[in-house]
Amino acid sequence: MPRPPSPSIPEKEFVYGALKQSLRLDGRGMLEMRTPTLSFGPELGWVECAMGKTRVLAQVDGKMVKPPPERPLEGMITIHSELSPMASNEYEPGRPTDEEVTLTRTLDKVLRRSDAIDKESLCVLAGQRVWHIRLTIHVLSNSGSMVDCACLAGIVALKHFRRPEVEVEGDEVTIHHPSERAPVPLSMHHTPFCLTFAFYPDADTPPLLDPSHLEETLSAGLLTVALNAQRELCVVQKAGGIPLAPEDILKIMDIAVTKARELDKLVEARLQEDWKGRHVEVR
């Protein structure tokens, strides 16, 4: 697979010079995010998230399975991500890239390992029947901050999803159709959000939030932080790059908390708007 063309020398010099003066090509401030746009599909658990030209589609479905013997009282959650040539000409179908592996692992840490969903609430009949929730992420277009956009789409899809109501009598399990009984939302402990910061080799260049694809390419290091509106830190991921002082990381955490609270308000407002237009009982 041929490597994508790297930015030209004049382009690098121009971007570095602009960032040194706290100027960005799209006119945003250094710590300003692109406002996410959330679109909901006809089915519950179908969400499209757009941040600028970065677009991600998330879809959640559930089925009833037999749990593994080592965890008989917990439901199962799996996350699958897909980067196709539609997102960028850098990707090939059927061959997972390092970026796709990193995306899947990060989403697994943020959404599954952080216990965002109460797995015990997915148990229907101990050792016999549990819900298997599958989250599928399709990256439609990558224009920077792909992990942030995918994480936001994934967590909103999980909050938007409803599983069918279940009735248990002895060893018999009855799954009620949504037309018979209102479907049930997933029990969630918290709502984590991902925020990516880019750093540059020049010490005079301040860090920036939500980098574009060009800003990511020219950066000397990326720091991804996952936390919720309650100031609970879930994941800190830094894959190489320039070293950071503890004071710099603490400053970033304060900024990230403010942005996470803004995202939390945005998500709740959009979910309420969507629910008003649906004939679904909200529990």
When the chain is treated as a Gaussian network with springs between alpha carbons less than 10 Å apart, the largest mean-square fluctuation among L44, L250, L31 is found at L250
Computed over the stretch 29-275, the Cα gyration tensor eigenvalues, each multiplied by 5 and square-rooted, give semi-axes in Å (largest first) of 35, 18, 18
Using a 1.4 Å probe on heavy atoms of the protein chains only, the accessible area for R129 in Å², nearest 10, reads 100 Å²
Out of E13, E43, E120, a Gaussian network model of the chain with alpha-carbon springs under 10 Å gives the largest mean-square fluctuation to E13
Once I79, I155 are ranked on solvent-accessible area with the largest value leading and a 1.4 Å probe, the list reads I79, I155
Taking placed amide H atoms and a strict 5 Å upper bound, the residues 5 or more places from E165 or on another chain that come that close are H176, V184
Which residues qualify? For T205, with a placed amide H closer than 5 Å and at least 5 residues away or on another chain, they are none
So, relative contact order of the stretch 29-275 in percent, Cα under 8 Å, 6 or more apart, is 20 percent
With x for Gly and Pro, the residue-by-residue ³J(HN,Hα) of the stretch 193-198, computed from phi through the Karplus equation 6.51 cos²θ - 1.76 cosθ + 1.60 at θ = phi - 60° and given in whole Hz, is 10, 9, 9, 10, 10, 10
Here the cysteines of the chain without any disulfide-compatible Cβ partner under 4.7 Å are C49, C123, C149, C234
Links exceeding 23 Å between C-alpha atoms in this model, out of K238/K259; K66/K119; K20/K109, come to K20/K109
Under the helix-only model (-39500 (n - 2.57) for each DSSP H run of 4 or more, divided by the residues of the chain), the mean residue ellipticity at 222 nm, to 500 deg cm²/dmol, is -8500 deg cm²/dmol
Which of T106, T37, T258 fluctuates most in a GNM of the chain (C-alpha springs under 10 Å)? That residue is T258
Whole-Hz Karplus couplings 3J(HN,Hα) for the stretch 273-278, θ = phi - 60° and coefficients 6.51, -1.76, 1.60, Gly and Pro as x, run 4, 5, 5, 5, x, 10
Answer check: the stretch 106-195, Cα atoms, Kirkwood Rh, Rg/Rh ratio of 1.05
DSSP beta bridges in the stretch 45-167: the antiparallel percent, rounded to 5, is 70 percent
So the pair-distance distribution of the stretch 172-283, from every Cα-Cα distance in 5 Å bins, comes to percents of 2, 10, 16, 16, 13, 11, 8, 8, 6, 5, 3, 1, 0, 0
Magnitude of the Cβ-charge dipole (Lys and Arg +1, Asp and Glu -1) of the chain about the Cα centre, nearest 20 debye, reported as 140 debye
For H132 the rounded accessible area (nearest 10 Å², probe 1.4 Å, non-protein molecules ignored) is 30 Å²
In terms of the charge dipole of the chain, which places +1 on Lys and Arg and -1 on Asp and Glu at the beta carbon, the residue among G221, P68, G29 farthest towards the positive end is G29
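The values are calculated or read from the model by the stated rules, or taken from the named source; none is laboratory data. In this text, all values refer to a predicted model and were calculated from it rather than measured experimentally. Please note: Cβ atoms are built from the backbone with ideal geometry, for glycine as well, and neighbour counts cover all protein chains shown. Remember, those area values only see protein heavy atoms, side chains included, never the ligands or the DNA or RNA. Shrake-Rupley method; radii C 1.70, N 1.55, O 1.52, S 1.80 Å.
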